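The values are calculated or read from the model by the stated rules, or taken from the named source; none is laboratory data. All values derive from a computational prediction rather than experimental measurement. Here the Cβ positions follow ideal geometry from the backbone for every residue, glycine too, while neighbour counts run over all protein chains shown.
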Amino acid sequence: MTTPLLSMQNISKHFGGTPALTEASLTVDAGEVHALIGQNGAGKSTLIKILTGYYTKDSGRTRYQGDDFTPASPKAAQAAGISTIYQEVNLVPMLSVTENICLGREQRRFGLLDWHAMQVEATQLLARFGIAIDMTRPVGSYSTATQQMIAIARAIGFSARLVIMDEPTSSLDERETEVLFQVIRGLKSDGVSVIFVSHRLDELYAVCDRVTIMRDGRTVKTGSMAEVDKLELVSTMLGRDVARSAGRTTGFGAPAHAAGAVVLSVQGLSNGHSVKTVSLDVRQGEIAGLAGLLGSGRTETARMIFGIDPATAGKMTIAGAAHRPRQPADAIAAGLGFCTEDRKVEGIVPDMSVADNMMLALMPALSRSGIVDEARQREIVAGFIQKLGIKCTGPGQKIRELSGGNQQKVLLARWLAMSPRLLILDEPTRGIDVGAKDEIQRLIRELADQGLAVLMISSELEEVIEGADSVFVLRDGHSVVHLTAEQRSESAVLAAMAEGDAHG
Amino acid sequence: MAEQVNDFLRRYGTLAALGLLILLNLLITPNFATLQTLNVNLTQVATIVIVAVGMTLVIATGGIDLSVGSLMAIAGALAPMVFMGKIVAIGNIYVAVALAMLVAVVATTILGAFNGFLIARYRIQPIVATLVLFIAGRGVAQVITNGNLQVFKVPEFQFIGLGRVLGIPVQVILMLVFVALAVWILRRSLFGRQLLAVGGNEKAARLSGISTRRIKIAVYAISGFLAGVAGLVVIAINSASDANLVGLGMELDAIAAVAVGGNLLSGGRATVFGTLIGALTIQLVRYTLLANGVPDAAALVVKAAIIILAVWLQQRGRAAQ
């Protein structure tokens, strides 16, 4: 038996009085791809931050390459060959690709920067990922997915022995994810180990050798991926048997009644570039799913419906009346709500309280001559906190202190408070732990049953197929197929996303 | 424990510093505990606080307003021309003074709104957009007055700088009224909440149907209005208006008060009360040094040191979160 590359044993860490980690362990062998999973707050990030030198452990022992290892800073961990790739891209948007890749380890010649050598090195690095782009353009001019690949290349460029990937695929589409997996397999064959954190179970099976499951700051299970099936993975992570109806893996139930009249109708919508001909209908009381690969125009379509970006062609109606929003306020007035895919950037106001975040859209209606009716506001906020089961210390707590799932519930409440006709949800469960995901999916179904029309964009096939009563598939900016409840299936959606033909 | 100390320092650090300064003065400065000392300090700080209240709101939206000093000069140039009858002769002095104040303040409010318009409509960086009036504003004031010093003796007007109500200087009352009004606006009004939302996350605010453009224009207009009022108070105290000097360097004093008061310079959070404490602290430091025979030039260095200390405390407070 060889010594493992990394062995963290009995690691404990407290923040103030609350334990974040209690005797947690993690062992990674050389050349192994190791999945680290757990709900939000299970202690994954704390464990990783101890490993990368952001935090110091209270007790326990870390051995790395056979020696005791206590990095004093992230820089020390990086020097020891531990690289971390975060969910958010850590690049300087205004600098060129080469500058970003070589940032902090510029090559010098006669005391000056050797641009040529750096250009060559950076190009070679990206070639390993099958990416050939203009290295002199600023990073900010590339798509998020490309930026993510550049960030990964940059991290691995530091002659890494151990690469930590924290939800690296959340901004990648399927093809790019596949490229990433090839890179991971390549790293593995070079003897580099990878710790892979992801909420997408399928990916873990596709690329990981072993898995460590954490719950409440403890390591609850370590095993080979081949020996743990999906249901066991989820139930271990949640610490309970997950009761589910047969075959279902999401929290959506079946609809309570048939869909009603058409609320939103979109015909031939276009923005002139990424969206060409998109047509769809959303009916009262139904969840309409909008599926498609990254870049197929899903989010762009939603943004036009909500008046954020202008449409260049096409017709939209809401309950039969023409809908031509020039700004979000117009769409809100027409009875629309929109939960964006990026909670942090476009959703929450981090420094404001749960109550103020929740009331952001409703507040004008709650005010008389510019003064907010506090009593009425308190009443509404308390109602939603209770109804949606939002976990917070009170309405005055800052929203940034809440978990992703609870933040999402606050944002849902922001729109529900407006009693909208149609709610657009863009990736409603992205970056949310499994338990809260289930709850939010159930909530969406409940809302539809109460008569709300929901347009849901999701990259997770399960969510679209099980959740949506009617699925519209986009490909390259065109609507390619509309599947009814009877027609929707994984194979039908996949086929349409991959090779569907444009129609009407 | 360390986190609690940091949190305490961030929240009450300036207040504690002010308390310590007062204690120190009680010990070393002769005749400190007198009503006169209080009056001197409050009258000197009043105009800074009035401008800094507007600056607090502007900074809460993530912006900055460099034009306040120049707007003070414009208000200071316009008002005497009206009440001294240089434009049209007005018989009744009260009507003339009221009209003078109105003209001056309306002008600076419109110019402030113009700043906001540049920033909101054309997405010009606030520091650049307000730099336009920072430079041009003082020039305009000089052109209006032909570069002449305007000297006057109009008690009806100078009441706002020299008068007292129940023994309290009028400009101190004005200062307290504006502070109270701003605190109330931020806490209770729709405008205040929307302003903080725009500063905290502009995209989220816009997607929630808030007219970010209108909020920004309003906030710079308020800043312009307050600068106009401060300009009137300054010339009233001086019995003269010199377009070269009125409000000179005021933008930096106001920004310093906001920073020392514990406001986030990146926006999204605002404490007008903190700004008041910040301005008082800076003022008292200066007073302490002058009263103890330290020259004004040295006092500037100490002022800079305080600003650095305040910003450092803020950073530590944020890192601890």
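Checked against (1) part of a helix (DSSP H, G or I); (2) of a type in the set (Val, Ile, Thr); (3) within 26 Å of A:Met363 (Cβ to Cβ), B:Val233 meets all criteria but (3). A:Val207 meets the conditions (1) in contact (Cβ under 8 Å) with a residue 60 or more places away in the chain; (2) more than 21 Å from the chain's Cα centre (by Cα); (3) on the phi < 0 side of the Ramachandran plot in every case but one. The failed one is (2).
Going by the structure shown, is A:Glu379 more than 7 Å from every other protein chain (Cβ to nearest Cβ) and in a helix (DSSP H, G or I)? Spelling it out, A:Glu379 is indeed more than 7 Å from every other protein chain (Cβ to nearest Cβ) and in a helix (DSSP H, G or I). In the set (1) surrounded by 14 or more Cβ atoms within 10 Å (Cβ to Cβ); (2) without any contact (Cβ under 8 Å) to a residue 40 or more places away in the chain; (3) more than 14 Å from every other protein chain (Cβ to nearest Cβ); (4) farther than 14 Å from A:Leu412 by Cα, the condition left unmet by A:Ala321 is number (1). The residues of region A:457-473 that are crowded, with 21+ Cβ neighbours inside 10 Å and more than 20 Å from the chain's Cα centre (by Cα), listed by number, are A:Asp469, A:Val471, A:Phe472, A:Val473. Of a type outside the set (Ser, Thr, Tyr) and crowded, with 21+ Cβ neighbours inside 10 Å: does that describe B:Ala279? Judged against the criteria, B:Ala279 is a match.
Residues that are aromatic (Phe, Trp, Tyr): find the strands (runs of 3 or more DSSP E) completely inside region A:246-320 holding 2 or more of those. First the steps, then the outcome.
Numbers: elements: A:262-270, A:278-283, A:287-291, A:313-318.
Here the list is empty.
Pairs linking a residue in region B:259-278 that is without any contact (Cβ under 8 Å) to a residue 12 or more places away in the chain to a residue that is charged (D, E, K, R), with Cβ atoms under 8 Å and 6 or more positions apart or on different chains, do not occur.
In the list A:Thr484, A:Thr393, A:Thr429, which residue meets the criterion of being surrounded by fewer than 23 Cβ atoms within 10 Å (Cβ to Cβ), closer than 20 Å to A:Ala291 by Cβ and hydroxyl-bearing (Ser, Thr, Tyr)? Show your work before the answer.
Numbers: A:Thr393 fails: closer than 20 Å to A:Ala291 by Cβ; A:Thr429 fails: surrounded by fewer than 23 Cβ atoms within 10 Å (Cβ to Cβ).
When all the criteria are applied, what remains is A:Thr484.
Do we have any residue at all in region B:258-272 that's modelled with pLDDT of 90 or more, under 18 Å from the mean Cα position of the chain (by Cα) and under 19 Å from B:Met72 (Cβ atoms)? Checked against the condition, which is being modelled with pLDDT of 90 or more, under 18 Å from the mean Cα position of the chain (by Cα) and under 19 Å from B:Met72 (Cβ atoms), region B:258-272 yields at least one hit.
Regarding region A:364-375, can at least one residue be identified that is closer than 30 Å to A:Asn271 by Cα, of a type in the set (Asp, Glu) and within 10 Å of chain B (Cβ to nearest Cβ)?
Scanning region A:364-375 turns up no residue that is closer than 30 Å to A:Asn271 by Cα, of a type in the set (Asp, Glu) and within 10 Å of chain B (Cβ to nearest Cβ).
Criterion applied to A:Ala448, A:Ala413, A:Ala453 was being of a type in the set (A, V, I, L, M), farther than 29 Å from A:Leu293 by Cβ and buried (at least 22 other Cβ atoms within 10 Å of the Cβ), and the one residue passing it is A:Ala413. Cβ-Cβ contacts under 8 Å between residues 6 or more apart (or on different chains), taken from a first residue in region B:154-171 that is at pLDDT 90 or above to a second residue that is of a type in the set (Lys, Arg) and part of a strand (DSSP E or B), are listed as B:Val170/B:Arg164.
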